[in-house]
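The values are calculated or read from the model by the stated rules, or taken from the named source; none is laboratory data. Everything numeric in this text was worked out from a predicted model, so none of it was measured. Glycine also receives a Cβ, built like all others from the backbone with ideal geometry; neighbour counts cover every protein chain displayed. What goes into the accessible areas is simple: the full protein's heavy atoms, side chains included, and nothing from ligands, DNA or RNA. Shrake-Rupley method; radii C 1.70, N 1.55, O 1.52, S 1.80 Å.
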Amino acid sequence: MDKDLPVSIIVFDVNETLLDITTLEPLFERVFGDAFVLREWFAQLILYSQTMTLSGLYTPFGALAVGSLRMVAATRGVTLADADISELKTRMNEMPAHPDVAPALTRLRDAGFRLVTLTNSASASSPTPLERAGIASFFERSFSVESVRKFKPAPETYQLVASELGADTSALCLVACHLWDTIGAQAAGCRGAFITRPCNAMLPAAEVPAPDLVASELTELADQIVLRWKPA
């Protein structure tokens with residue numbers, strides 16, 4: 001791929017990249033006595049979503065989220081109540097945006113980029129999580145992997161966005177705080193921009209594609225995107 005080709009569409013991952021999953025911590029603190037079990041649960045959720053895709057199977061992300069919570073509870077000898085499951089669902093639907101999100105999106109929109117989202121989560125009726133977080137208006141469209149019944153980083157998920165927008169994948173830059181997501185996007189022909197939110201870091205290993213851009217704050221990453229690819 002020609003690294004000098006311009007990018008015109010910025011594709012945002014949603015969970016943790018835009019929306020703050022640490023607001024789920026009180027549930028894990030109450031149920032497990034340790035808020036950091038959130039990270040174990042989220043890692044299992046991603047692991048099994050990718051396992052389903054590699055196995056040619058599909059279960060909606062929300063169902064996997066509940067199942068992963070039950071699995072973690074079973075491994076720790078914890079009994080979950082129906083109220084715990086309900087609280088997980090409620091908290092997942094009401095996650096706020098990180099403080100740096102609205103300023104970064106404003107910067108990119110004002111610079112002339114097209115902004116969309118791509119999430120593993122299923123489509124939701126209004127008010128959607130993005131609407132509840134107050135950032136839905138920034139985005140031209142919101143895509144869910146449910147359309148292809150494969151989870152990121154399957155190439156079909158990124159190709160879905162390009163196809164629906166009538167663009168080549170080379171015109172897309174995927175912004176995510178998960179390196180597995182930027183790796184998948186780059187393998188599908190997109191650019192990758194990585195935000196190192198807490199508990200996310202680079203993977204120093206041979207043949208692992210380095211993101212095109214890296215920053216610790218989304219506002220800084222937006223500045224880098226504008227400097228490198230601002231539309232004419």
Which percent of the accessible heavy-atom area of the chain goes to carbon and sulfur, probe 1.4 angstrom?
-> 54 percent
Can you give the net charge of the other residues whose Cβ lies under 12 Å from the Cβ of Asn93, counting K and R as +1 and D and E as -1?
-> 0
Send over a whole-number figure in Å² for the accessible area per residue of the chain, probe 1.4 Å.
-> 45 Å²
Sort Ser170, Ser49, Ser137 by accessible area with a 1.4 Å probe, largest first.
-> Ser137, Ser170, Ser49
Near Ser144, within a Cβ-to-Cβ distance under 13 Å, what is the net charge of the other residues, with Lys and Arg +1 and Asp and Glu -1?
-> 0
With springs only between Cα atoms under 10 Å apart, run a GNM on the chain and tell me which of Ser147, Ser55, Ser163 wobbles the most.
-> Ser55
To the nearest 10 degrees, how steep is helix 61-75 against the longest Cα principal axis of the chain, on a 0 to 90 scale?
-> 40 degrees
Find how much the distance from Ala122 to Thr90 grows on full extension, using 0.36 nm per residue of separation minus their present alpha carbon separation; answer in nm with one decimal.
-> 10.0 nm
Can you give the calculated 222 nm mean residue ellipticity of the chain, where each DSSP H run of n ≥ 4 adds -39,500 (n - 2.57) and the sum is split over every residue, rounded to the nearest 500 deg cm²/dmol?
-> -12500 deg cm²/dmol
Virtual spin-label span in nm between Arg76 and Glu156, 7 Å along Cα→Cβ = 3.4 nm
Karplus-derived 3J(HN,Hα), 6.51/-1.76/1.60, for each residue of segment 192-199, Hz, glycine and proline x | x, 10, 10, 9, 8, 5, x, 6
Once phi is turned into ³J(HN,Hα) by the Karplus curve 6.51 cos²θ - 1.76 cosθ + 1.60 with θ = phi - 60°, what whole-Hz value does each residue of segment 219-232 show in order, with x for glycine and proline?
-> 5, 5, 5, 4, 4, 5, 4, 4, 5, 8, 10, 3, x, 5
Let me have the relative contact order for segment 21-93, percent, based on Cα pairs under 8 Å that are six or more residues apart.
-> 36 percent
Non-local residues with an amide H under 5 Å from the amide H of Val214, with H modelled 1.01 Å from N and Pro and chain starts lacking one, are Phe194
Would you mind telling me the antiparallel percentage of the DSSP bridges in the chain, rounded to 5?
-> 5 percent
What does the highest-first list of 198-211, 149-162 look like by mean Cβ count within 10 Å?
-> 149-162, 198-211
Assuming R0 = 22 Å, can you tell me the calculated FRET efficiency for the pair Ala136 and Trp180, based on Cβ-Cβ distance, to the nearest 0.05?
-> 0.30
